[in-house]
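Structure record follows, encoded as structure tokens.
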Amino acid sequence: MRNVGAGKKRKLSIFMRYALSYMLVVLVLLSAVVAYLYRITERQVRDNLVSAQINRLTRIAIQQEGYISAMLNTAEEIGLNPHIEPFRYDEEPWKAYDLQLQLVPYTSTNPFCDQVYLHFSGDDRMYSSASSMTVDLFAELMRYERTDPEELKALIQGTGRLTVLPAQRVVSNLVDGSEPRMVTFVLPLGAHPGTSKGTMLFLLKESTYQSMFADAIDGEINTYIFSGEEVLSATEDLEISPAQARETPENGARYRVFQENGRSYLAVSLGRRSWDLSYAAVLRMEDVNSAVHGSLRGTLAVFLILAGVGLLLAFWMARRHAKPIRDISDLLAEDGAERRDELQQISTGIRQLTRRNSELISRLDSALPMQRHDFVFRFMKGRFRSREEAVAAAKAVGLEIDREYYAVILCGVPENWDWPLELNCPPFDRFREVTGTGVELVALKGILYLVFSDRPEQLPELAEAARRAGNEESGGCATAISALHRDFSEAPSAYLEAATAYDDRFIRGGEAVLSYDSISSNVAGILPRAQKITHAISQALAMGSREQLDSRISELLQFLKNSSMSPFAFRMIYNDVIDTLTRSQAAALSSGRDAREFYDIFSLSSCQSIDDLDELLRRLCDSLLTDAARESADAPADPEDEMDQVVRYMEEHFSDPEISMAAIAESFGISTTRLSLSFKEKTGMTPLEYLTQLRAQRARELLVGTDLTIREISVQVGYYDSGSFIRRFKQVTGETPLQYRRSQSPAPAPANGTEAPEEEK
Amino acid sequence: MSNRGRFLCVLLAAALLLAGCSARNAEEGPAGPAVSLTALQYELENMAVDFNGLWFYQRMEEQTGVHVDFEDVKDSEWESSVSLAFARGSMPDLILRGSLDVEEYGVSRHLLLPLDEYMKKGFLPNYARRLRESGLEDQLTASDGHMYQLGFLISQGVNTNGHFFINRKWLDALGLPVPETVEELTETLRSFRNGDPNGNGLRDEVPMEFTFDDNNTGIYNLFSFFGLPLNEEYVYVDGEGKVAFAPESSAFAETAAWLNRMYREGLLDVDFISQGSNIWAAKVNGGNTGLFSYWRLGNTALSPEVAGMYQVMLPVHAADHRACLPRNMDIIEFGAALTTDCRDPEAALRWLDAQFETENMLISQNGALGDTLIRREDGRYEVSYVPPDNELYRTVPVICGQFFAPAEYYAGVYVPAAHRQEKAEYCRLYGEAGVLEEVSSKYLTAVAPKTAREDSRLTRLKAKLKTIIDAALVTMITQGVTEENTAQLQRQLEEAGSREYRQIYQELYDRWRGE
């Protein structure tokens, strides 16, 4: 509904704008065409009318001139007739009888003439084929309306020049009918006017001319035949002055338009022709325009049809063109926002998108190291189900890892030294074909580099470069490298290899890169025995026999204790056992899910003693047995047991920043609702509260037990940003991490007290 | 036949029975005429008459029960239409007015019904009685003795074409009597010429104003002064019953000689040779003429004022001659004929005879009774009003209808207009004065039947002879009569076939008289 009180005029929709624009274009184009057609048609119709009148006048002229020619021929023939010789009636009256007989055929050859008279020079008589009379009597009997008898006599007795008496009323008993109008031609008798024998009079009734004019078109029209300045004959339907019709059009035109008595007329002239005769026709411009409009009606009908089709087409095109814009506008519209002009909406939407994109890019840029950190951990934990998934995830954080080989490098980091995590800066920037990134391992006080390359030789070279750089900085920086791997699923193994090799630093120091391949041969003597026991554990695990498993684990631990092996060998065997168990059990699970995803490889590899290993192995085997049992039972899991697993899972993964209710529920194949309810029923708190508790607990440990910064601790406990960490930590503990550290730390707080950590601002 | 077929047959039979009953009822009913005929109807060239819609013929249909469908034919197409009607074999029942060659279609080809036989049986009672009383049966009897046509006759007793009229005002002015002899007339004319009877002091009087070659205003009537009844056919019947050729008469040259004298003395208007009747009328209407001849004075081209100056004059007698003017007579025109294809001759004759009933006949000529025609207390009919512009043709056929009124009968039932009475008076005067030829030349030229060949031959001969006669007359009158030109005239006439011309007339006259 139109908001009248809004005061601001609502803009038209994009469809209406298109429709109006197209319709306007169609109408303008068609109007231009119609205007052009009108001009053409008007000119053509007028030309046709003029041509018709010209043809008509020409026809009249030809007929009129034919009459005159016939009369001239008659006069010439009579003049040349040897039987017709001039005589004087008073001297030779008997010749009048012969003359009349001779005149009979000439009269019949001019049927258009009402009367034909002959007069000989020097005689006083007028002769026709039926009568004769004196010139005086003729002049007396033929009472012309505008010609004086004396003038008539003078014409008859004159030199015989062609003279025309225009149509006028003639009252005479010599003329049939009641007072007819006659046109009189006086012609010389003979071939040459100078040698004429007399004169001839031809009287034509004006009805002869009226029959000439009778072919006029419908409507009122005046037609004139002028003899010099006088109207010889005319038919007049319009009340205008003949002088207007007589006026010749200028510049050789065939017609002219004039005004008289406030009305417009079209005068068509044929111009002067033989014997000083001219012809003209006058039409009313209203009739001309009426003819034009009549011709245009058809054109207008076509125009209307075209306009209708054009408008429909414009409507259709507007709709077609407006639709995508409207769709874009709808896409960009904010939910619940008032619907506004589409273009303005698009403009606003694009501005918002641009701004959000900028924000997103900014956030992505700031979170990239975190994300890469997360990627490396997920990669190392074997979280990716396929190579493609890992490649895609790496690409998302700006890493191209789709290389033939990869390795894990662990570097001991000198204190207070800003060791580069990225490979695009010295000392790694010269290895352009190597991709990868580094993450800081707080527990190891070192950095883990995950590196990829198609050239296998470059990876050890890169490790060597790191070692040298570390040595140059501190003089004793251990660097270890795993074996080279191709399969991404072997990432946890690669880490264990690197960690194993790194553990050898205590013996070999930082003089050379600690390579797993090179050191593994040192324990060749004890490894088969260990592998045999490990195999037995795997078999017990496969059999699901807890007793055998305990027995095998005890056997392994006994072997390790009795072997008096070096820490490195212990580590080697220990890592191999972990790797074998998780790998073999994963293959045994029908779900296809890698069992290792349930375990944090970093936690598994963190045992420091035989007892730690004993506990770790028994817990791992118990977990693996539980998975197998759940798999084989093919029955809904017991919610309580399931929640135990969730609790355990959360305890193992709380440091993962991507852990969430949805991720946990998805991992366990249950809904988030069920997870939340069952979890709360089991633990008395929601999964999120429990997760926060776990993270807070771990954070307390790190705050008190390490010198890690708040930012570092927040990452360690699974927060992307320190702000969230601080906020959550305060919710759980009632104080900020820094306050907690200060409260738990025996050392006094900084004297100035103003150097509040950045995270707390 | 199937049941369905039988049912259809019964239905058809019932329908036919009903149709038959309906037709019989129609015949017995009063609606519609009993007889319907077709007619080829003559129509004047300049007249558009809707004969099928004329009130008069509706009246006839009501009176006779005969309906006639007219096919109107203009004058110019009449001959060809009649020929075509007879040639194509689908003749109309009736042929009405115009002209018809009864010798060809009746006598020779037997395509017309002999009406005399029907009259003998009592048909056409009105017409037959009037014809019998008029004594004009001869004119309508064909060469085989039968009458194939009904006549059309409006007899007003006109026995003379042109009467002489002398200027009584001038006579009175000069104290002269009406001349009775050629010499007296000559002197009178001289007096007119010299006596300034119009009193204007000028010798502008024209003693004699004539045209040339006819018996109305032309000089032909002047030959009667010398006993020669010169007419436009140049033949007449002499006292012995012989056909004479006028130019061969001595009176012809005598008259020409007298006229030459008149011409030379300026007593005859020199324009008589070539002036037409309109110029003649214009001159006479100038009131400056002493003597002329004309049909009558009233209701003519002459103005009443001028007409009032003149009085009728009997033709004068030349010495040793008795004046003799051509005698006019009533000529019966073609009225109607029945073709042999006529489907109901008795009904056709009943329809025709009804039109000869006196009141019907006068109505057909003059319009409805009480409108333009009235009946006087003495029982005679009289025209009360003549509508302009031929309005009568919208209701009655006028002269295109049937009319047969011999003079005596006509005078007994109809009171003619004043100008017709005037003419009748002149005719009576001339008749009683004995200045008309005994046997009208009309018997030769109009009554005696001619064969087609005779007619054609006479037409050609007359054209040649007339040229010679008129040229000779002009010469004689303007240049004088000599023995040479008289002899030359006779020679030229003989060479042109004057003998054969006269002989043909003699033969057809003898043939007519003998039968």
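The values are calculated or read from the model by the stated rules, or taken from the named source; none is laboratory data. Predicted model only: the values in this text are computed from it and were never measured. Every residue, glycine as well, gets a Cβ built from its backbone with ideal geometry; the counts of neighbours run over all protein chains shown.
Points worth noting:
- The residues of segment B:411-446 that are under 16 Å from the mean Cα position of the chain (by Cα) and in a helix (DSSP H, G or I), listed by number, are B:420, B:423, B:424, B:427, B:442, B:443, B:444, B:445, B:446.
- Residue match in segment A:426-440 (condition: part of a loop (DSSP other than H, G, I, E, B) and in contact (Cβ under 8 Å) with a residue 60 or more places away in the chain): no
- Criterion: part of a helix (DSSP H, G or I) and away from chain B (no Cβ under 12 Å) - qualifying residue of A:77, A:140: A:77
- Among residues of segment B:387-401 that are surrounded by 15 or more Cβ atoms within 10 Å (Cβ to Cβ), those with a Cβ under 6 angstrom from a residue that is of a type in the set (Lys, Arg), sequence gap 6+ or separate chain, pair up as B:400/B:97.
- Checklist (1) within 14 Å of chain B (Cβ to nearest Cβ); (2) at pLDDT 85 or above; (3) over 30 Å from residue A:80 (Cα atoms) applied to residue A:176, failing item: (2)
- Sole exception among (1) farther than 22 Å from residue B:72 by Cβ; (2) out of contact with any Cys (no Cβ under 9 Å at 6 or more places or on another chain) for residue B:113, by number: (2)
- Some residue of segment B:251-259 being closer than 30 Å to residue A:140 by Cα, assigned to a helix (DSSP H, G or I), of a type in the set (A, V, I, L, M, F, W, C) and within 14 Å of chain A (Cβ to nearest Cβ): yes
- Consider segment A:250-285 and keep the residues that are outside any strand (DSSP E or B) and more than 60 Å from the chain's Cα centre (by Cα). The one that is nearest to residue A:228 (Cα to Cα) is A:276.
- Matching entry among B:300, B:289 (being within 30 Å of residue B:361 (Cβ to Cβ) and either buried (at least 24 other Cβ atoms within 10 Å of the Cβ) or within 14 Å of another protein chain (Cβ to nearest Cβ) (or both)): B:300
- Restricting attention to segment B:447-479, the residues that are free of Cβ contacts under 8 Å to residues at least 40 places away in the same chain and either more than 14 Å from chain A (Cβ to nearest Cβ) or among the small types (Gly, Ala, Ser) (or both) total 7.
- In the set (1) assigned to a strand (DSSP E or B); (2) more than 14 Å from chain B (Cβ to nearest Cβ), the condition left unmet by residue A:126 is number (2).
- Filtered by the rule that a residue be farther than 19 Å from residue B:282 by Cα and part of a strand (DSSP E or B), segment A:80-123 gives A:118, A:119, A:120.
- Answer residue from segment A:545-581, given it is modelled with pLDDT of 70 or more and either outside any helix (DSSP H, G or I) or under 60 Å from the mean Cα position of the chain (by Cα) (or both) and is farthest from residue A:505 (Cα to Cα) among those: A:545
- Qualifying residue in segment A:388-398 (condition: over 29 Å from residue A:714 (Cβ atoms) and part of a loop (DSSP other than H, G, I, E, B)): no
- Subset of segment B:198-220 (residues that are assigned to a loop (DSSP other than H, G, I, E, B), within 26 Å of residue B:276 (Cα to Cα) and not charged (D, E, K, R)): B:198, B:202, B:210, B:212, B:215, B:216, B:217
This table checks each residue for (1) more than 20 Å from residue B:68 (Cβ to Cβ); (2) in contact with a strand residue (DSSP E or B) (Cβ under 9 Å, 6 or more places away or on another chain).
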{"residue": "B:344", "(1), (2)": "no, yes"}
{"residue": "B:354", "(1), (2)": "no, yes"}
{"residue": "B:364", "(1), (2)": "no, no"}
{"residue": "B:372", "(1), (2)": "yes, yes"}
{"residue": "B:375", "(1), (2)": "yes, yes"}
{"residue": "B:379", "(1), (2)": "yes, no"}
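- In segment B:66-116, the residues that are part of a loop (DSSP other than H, G, I, E, B) and either in contact (Cβ under 8 Å) with a residue 40 or more places away in the chain or not assigned by TED's automatic domain parsing to the domain that holds residue B:352 (or both): B:90, B:91, B:92, B:93, B:97, B:98, B:99, B:100, B:101, B:110, B:111, B:113
- Looking across segment B:127-142, just one residue is part of a loop (DSSP other than H, G, I, E, B) and either surrounded by 21 or more Cβ atoms within 10 Å (Cβ to Cβ) or among the basic types (Lys, Arg) (or both), and that is B:136.
- Among the residues making up segment B:399-456, those that are closer than 21 Å to residue B:153 by Cβ and polar (S, T, N, Q) are B:402, B:421, B:440, B:441, B:445.
- Test set (1) under 22 Å from the mean Cα position of the chain (by Cα); (2) hydrophobic (A, V, I, L, M, F, W, C); (3) modelled with pLDDT of 95 or more - residue B:338 fails condition number: (1)
Okay, residues lined up against (1) under 32 Å from the mean Cα position of the chain (by Cα); (2) over 13 Å from residue A:398 (Cα atoms); (3) surrounded by fewer than 16 Cβ atoms within 10 Å (Cβ to Cβ):
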| residue | (1), (2), (3) |
| --- | --- |
| A:346 | yes, yes, no |
| A:359 | yes, yes, yes |
| A:371 | no, no, no |
| A:378 | no, yes, no |
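- On the stretch given as segment A:243-268, residues that are touching a residue at least 40 places away in the same chain (Cβ under 8 Å) and either in contact with a strand residue (DSSP E or B) (Cβ under 6 Å, 6 or more places away or on another chain) or surrounded by fewer than 13 Cβ atoms within 10 Å (Cβ to Cβ) (or both) total 3.
- Failed condition for residue B:327, given (1) more than 19 Å from residue B:112 (Cβ to Cβ); (2) in contact with a strand residue (DSSP E or B) (Cβ under 6 Å, 6 or more places away or on another chain); (3) surrounded by fewer than 21 Cβ atoms within 10 Å (Cβ to Cβ): (3)
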